[in-house]
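Engineer: Take this structure first; my questions come after.
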Amino acid sequence: MYRFILFVKKVYVLLLFIILEVTALHFYTNSSSYTKANLLPLSNSVVAEFYGYSSSVVSYFNLKNENDILEAEIINLKNQLEQNRVMIQNFDTIDVKIDSLEYVYASATIVNNTIARQRNYITIDKGTKDGIEVDMAIVSIEGFVVGYVIECSETFALGISILNIDFKSSGRIGNSDWYGPIYWDGVSHENIMLSDIPKYAEINRGDTIYTTSFSSIYPPGVMIGSVESFEINESMLYDVKVKLFAHMSAVNKVLIIKNNNLVEKKTLEEKYNNI
């Protein structure tokens, strides 16, 4: 009690000021109908601003939960699309199980990512206990090529980034039949190269580059980037500079894609490659 009295003595001037201000405001607002009419819109505006700010704060803290829900919906839609594709190709199949799909989708979060080296890698927060395996594709949540898995532990997986001079895949120009190897030349984290395109191929600036059906890792038609420039090299073939769709310095949420036919395909090809 004594401490409370001491505290009141220290702040009594401030408390008295607040009480007098509140009292004065009360008498002023009730002094006439004209005053009430002028202050009512102001008070409503202040209250509205407060509720708007409160709503924004609540919405901000709900973003993670909403993002998780959206991720789950994206995964379900991707798997459903793949299931529908298989059912269309096999119209007599009534029940298509997830293991029978060629490509299966899962989600993950990048926990480490480099872009400033010649050999850049990506670490994701899923590992063997989550079903992640070597040679699974890594694409951004928007569906753009990011890399592929090269090693796994129980809890994490390491992916080779598309910004790695050892990255290997192939790309196709738009809806054409022209395709070639894609690689990173180690220059810019915004661009990769597409090469070995015949000089008579029709190329336009802005053409979209997609993954090809020859890839064992990526489903065909995954977007890589767009044509920024192109020129004929000494071999009379086009070297195409491609601007990546994925912002590699900011990518966070990713989709992991498993090709259920990969082992069978690689086993068959390796059998004859060793002859």
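Engineer: With the condition kept exactly as written, say whether any residue in the range 239-252 is assigned by TED's automatic domain parsing to the domain that holds Asn113 and in contact with a Pro (Cβ under 8 Å, 6 or more places away or on another chain).
Structural biologist: No, every residue in the range 239-252 fails to be assigned by TED's automatic domain parsing to the domain that holds Asn113 and in contact with a Pro (Cβ under 8 Å, 6 or more places away or on another chain).
Engineer: Separate question: Ile115: under 16 Å from Val242 (Cα atoms), among the aliphatic types (A, V, I, L, M) and either at pLDDT 95 or above or part of a loop (DSSP other than H, G, I, E, B) (or both), yes or no?
Structural biologist: no
Engineer: For the subset of the range 219-261 comprising residues that are small (Gly, Ala, Ser) and not in a loop (DSSP other than H, G, I, E, B), which member is nearest to Gly159 (Cα to Cα)?
Structural biologist: Among those that are small (Gly, Ala, Ser) and not in a loop (DSSP other than H, G, I, E, B), it is Gly225.
Engineer: So, one more: Being modelled with pLDDT of 90 or more, in the same structural domain as Val139 (by TED's automatic domain parsing), assigned to a strand (DSSP E or B) and of a type outside the set (D, E, K, R), is that true of even one residue in the range 197-207?
Structural biologist: yes
Engineer: Also, I was wondering about something else. When the range 133-145 is examined, which residues are found to be assigned to a strand (DSSP E or B) and over 16 Å from Asn259 (Cα atoms)?
Structural biologist: Ser140, Phe144
Engineer: If a residue must be more than 30 Å from Glu133 (Cα to Cα) and either in contact (Cβ under 8 Å) with a residue 60 or more places away in the chain or among the small types (Gly, Ala, Ser) (or both), how many such residues does the range 216-252 contain?
Structural biologist: Residues in the range 216-252 being more than 30 Å from Glu133 (Cα to Cα) and either in contact (Cβ under 8 Å) with a residue 60 or more places away in the chain or among the small types (Gly, Ala, Ser) (or both): 3 in total.
Engineer: Taking Ile165 as meeting all but one of (1) at pLDDT 95 or above; (2) surrounded by 15 or more Cβ atoms within 10 Å (Cβ to Cβ), write down the number of the exception.
Structural biologist: Just one mismatch for Ile165, condition (2).
Engineer: If you don't mind, there's one more thing I want to ask. Counting only residues that are of a type in the set (Lys, Arg) and touching a residue at least 60 places away in the same chain (Cβ under 8 Å), which one in the range 253-265 is surrounded by the fewest Cβ atoms within 10 Å (Cβ to Cβ)?
Structural biologist: Lys253
Engineer: Just to be sure, is Asn175 crowded, with 16+ Cβ neighbours inside 10 Å and of a type outside the set (A, V, I, L, M, F, W, C)?
Structural biologist: No: the conditions fail for Asn175.
The values are calculated or read from the model by the stated rules, or taken from the named source; none is laboratory data. These numbers were taken from a predicted model, which means no experiment stands behind them. Cβ sites come from the backbone with ideal geometry, for glycine too, and all protein chains shown count toward neighbours.
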